[in-house]
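Participant: Shown below is the structure under consideration.
The values are calculated or read from the model by the stated rules, or taken from the named source; none is laboratory data. Only a predicted model underlies this, so the values are computations on that prediction, with no experimental measurement involved. Here the Cβ positions follow ideal geometry from the backbone for every residue, glycine too, while neighbour counts run over all protein chains shown. Please note that ligands, DNA and RNA were not included when accessible areas were found on the heavy atoms of the full protein model with its side chains. Shrake-Rupley method; radii C 1.70, N 1.55, O 1.52, S 1.80 Å.
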Amino acid sequence: MADRPRRTTRRLYFTSLGLYAVSFVLPAVINPNPTPSFGWIETWGWQAALISLATPMVVILGPSNLGFAAAAALIAIGFPRAAIACSVFALASMAYCGIMLPPRPGDGPFRFPGGHLGPAYYAWLAAGVMMLVCGVHAYRERVGVQS
């Protein structure tokens, strides 16, 4: 990360990256009424990430993962304003992912909204929010240094 950022920014940055990585091994979509073909967990985090990079979906869902990666890279090399923009696009795409998946019928442990979404989705969303906050912190540090 450029220009020795403060401890808070570094912690946010690495916590966001860690949480993002953890989201790949958690369940992303849960069906409260297990089906024989899929079972209780329909999609794991790594599967959801691959789906978002498939050819037709990359236009709509691609900014979620690609925007997050771009924001992380831009913060690391010292371009926090561009990282904030990438984080906003990534968060909008992440939120859309949760909205576009229809809720599953049944008596699951969670109800609407997002009762069918697993911990991977929420960890992924939290990582995106943390990356946005990290970008804002990095921008404020940069502006404070230049003033």
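Participant: Would you please list the contacts, defined by Cβ atoms under 7 Å and residues six or more apart or on different chains, that run from a residue in the range 44-61 that is at pLDDT 80 or above to a residue that is polar (S, T, N, Q)?
Facilitator: From residues that are at pLDDT 80 or above, the pairs are GLY45/SER23; ALA49/ASN65.
Participant: Can you tell me which residue within the range 1-23, out of those that are open to solvent by 20 Å² or more (accessible area, probe 1.4 Å) and over 18 Å from ALA70 (Cα atoms), is modelled with the lowest pLDDT?
Facilitator: Once the filter is applied, the top-ranked residue is ASP3.
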